[in-house]
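Below is one structure, written out as structure tokens, with a few remarks after it.
The values are calculated or read from the model by the stated rules, or taken from the named source; none is laboratory data. Computed from a predicted model, the values in this text were never measured in an experiment. Methodologically, a virtual Cβ is constructed for each residue, glycine included, from the backbone with ideal geometry; neighbour enumeration extends over all protein chains shown.
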Amino acid sequence: MTAEQGQASNGAELFIRALENEGVKYIFGVPGEENLALLEALRGSSIQLVLNRHEQAAGFMAATYGRLTGQVGVCLSTLGPGATNLVTAAAYAQLGGMPMLMISGQKPIKSSKQGLFQILDVVDLMRPLTKYTRQISNANTIPAKIREAFRLASEERPGAVHLELPEDIAAEAPAPDTHIFSPSDARRPSASPKSLEMACDMLREARHPLIMIGAGANRKRVSQALIHLVNVIGIPFFTTQMGKGVVDERHPRYLGNAALSAGDFIHCAIDHADLVINVGHDVVEKPPFFMQPGGKKVIHVNFSGADVDPVYFPQHEVVGDIANSVEYMADHCGVCTNHDFSRFMEVKAAVDKHLGDRAESDSFPVIPQRIVHDVRRVMPEDGIIALDNGMYKLWFARNYPAYDNNTVLLDNALASMGAGLPSAMMASMLYPHLKVMAICGDGGFMMNSQELETAVRLELNLVVLIISDSAYGMIKWKQGQEGFADFGLDYRNPDFVQYAESYGAVGHRVTRTDELRPILERALSAGGVHLVEVPVDYSENRRVFDEELAQLTCPL
């Protein structure tokens, strides 16, 4: 702590000053009595407290802040039930590679008169879900523990960290010589020249190479480097669900999205490839394809080495800053005259034709293809959609062309329901000049629907599209695939229009298919928080994914 900052009066004030020093702008959370000293220190700071209605939503917002900015998002809970409510968000950030710090309170640890009331070992609880979890037991150690937490949360692979601040340590006066540590300016190391040259050799020797783009590539510098590589070599590419938009999907070499693990059009191209250059994917995300012993070769290009899995065991690894690695390949691998991409372009033509099928269908309830089509028509190029988890996520991953990175926010790692609305809220807070839409199923929306109040209170500009089938639709589809009877997955919903209006939002209900697009346009242009309910016909799940793909992709 510098002389200009002065001596912090207690641990809580020192804690907040250390967070300010790390550049923290927001803390999302639900404080409790164990956080009151921290709350008082926060009151006089430059950090904005965003009061949520549930800790899980606070965690989702903090994780999404990390995802969109690359900086550590911060969330806050009290002890016991408040801390356990952060568990799902911890797993969401950890599996999704999103830098996030969770702060939880605790009863005094030196002297407490409340026995074991609300006491859980939260540090042990968080251990398997985080990169770092510690209880602070001395106010003098606060700056060091915060610096270490931020370092580990940010380092590749990014993830969740946790600090517990007990009441008595928050009230404790730190020693006069306690100082705050400056954030690190360390750069990511570059891959070795030998590994890069080996990758170039493999690319030159391949006849039918493909690029696969995953979540780790979803950074501006990597996007630019990949566009350069694709344009120089002419190599076709496809994406995982979380790699959508890294390269503009209107690019003539874009083949499609591997929303399914097998049996889709894109897998005809993958099966034909003799080399897949995997940029930024790891096994945390659901597999976009399955490797087989003796099959195609795979080059793993990522910030860290590959986690070997029965369906993923790359033959070569290029480990280091992804953008630098891809730029090297673009500049040094050269144009390869033996490459043959003709088969891939046949697949692309089949994909494009398939994705246009029934996109303008007027049937009602609205089929998923039409919902995706209309959303894409109303969203500007830089507009952001945040998807919750459900059957519609597959339809958007396959059918919705993304034009820029981080314009499609979805989770294919933990794949938790309830994340869509908080994620969209965070995007709207960060980018108030952009159009933002949360796309949720009725099931996922109701898991954090109380955050509508938070969105209205924060005066966000946000459209929430609820795709309604009064059931857990994806599980019903899987139930049918397994040959089981339809059982146990249907429920009733509230009147969503009245529900929205009770929070001060504006509610809309689509009663004809041709109403969907104009309602969305009006809601996006009006500003404020709008909820739009559209009934969906999910019979297309079986027709397309179970029947049509099997017939159309096999001849390819």
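Laid out as a table, the results:
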| quantity | calculated |
| --- | --- |
| Those helices (runs of 4 or more DSSP H) lying entirely in the range 402-461 with at least 1 residues farther than 19 Å from ASP374 by Cα, acidic (Asp, Glu) and in contact with a helix residue (DSSP H, G or I) (Cβ under 6 Å, 6 or more places away or on another chain) | 451-457 |
| Given (1) closer than 18 Å to ILE233 by Cβ; (2) of a type in the set (A, V, I, L, M); (3) touching a His at 6+ places or on another chain (Cβ under 9 Å), index of the condition VAL319 fails | (1) |
| Spans of strands (runs of 3 or more DSSP E) in the range 79-192 with at least 1 residues under 27 Å from VAL222 (Cα atoms) | 100-106, 160-166 |
| Filter result (β-branched (Val, Ile, Thr) and part of a helix (DSSP H, G or I)) within the range 510-531 | THR513, ILE519 |
| Residue in the range 522-556 that is modelled with the lowest pLDDT, counting only those that are small (Gly, Ala, Ser) and surrounded by fewer than 17 Cβ atoms within 10 Å (Cβ to Cβ) | ALA550 |
| Long-range neighbours under 7 Å by Cβ, at least six apart or interchain, first residue over 10 Å from VAL529 (Cβ atoms) within the range 434-461, second of a type in the set (Phe, Trp, Tyr) | ILE439/TYR392; ILE439/PHE396; GLY441/TYR392; GLY443/TYR472 |
| The range 339-351, subset out of contact with any Phe, Trp or Tyr (no Cβ under 8 Å at 6 or more places or on another chain) and in a helix (DSSP H, G or I), residue surrounded by the most Cβ atoms within 10 Å (Cβ to Cβ) | PHE344 |
| Among (1) in a loop (DSSP other than H, G, I, E, B); (2) aliphatic (A, V, I, L, M); (3) touching a strand residue (DSSP E or B) at 6+ places or on another chain (Cβ under 9 Å), the one test that ALA359 misses | (3) |
| Filter pass, LEU260 being outside the structural domain of ALA93 (by TED's automatic domain parsing), modelled with pLDDT of 95 or more and either under 30 Å from HIS354 (Cβ atoms) or surrounded by fewer than 22 Cβ atoms within 10 Å (Cβ to Cβ) (or both) | no |
| Scope the range 122-133; condition buried (at least 18 other Cβ atoms within 10 Å of the Cβ) and out of contact with any Leu (no Cβ under 6 Å at 6 or more places or on another chain); matching residues | VAL122, LEU125, MET126, LEU129, THR130, THR133 |
| Residues within the range 353-398 that are touching a Ser or Thr at 6+ places or on another chain (Cβ under 8 Å), of a type in the set (Lys, Arg) and surrounded by fewer than 17 Cβ atoms within 10 Å (Cβ to Cβ), tallied | 0 |
| Residue count, the range 266-321 (criterion: of a type outside the set (D, E, K, R) and touching a Gly at 6+ places or on another chain (Cβ under 6 Å)) | 5 |
| Scan of the range 23-50 for residues that are surrounded by fewer than 23 Cβ atoms within 10 Å (Cβ to Cβ), outside any helix (DSSP H, G or I) and not β-branched (Val, Ile, Thr), ordered by number | GLY23, LYS25, TYR26, PRO31, GLY32, GLY44, SER45, SER46, GLN48, LEU49 |
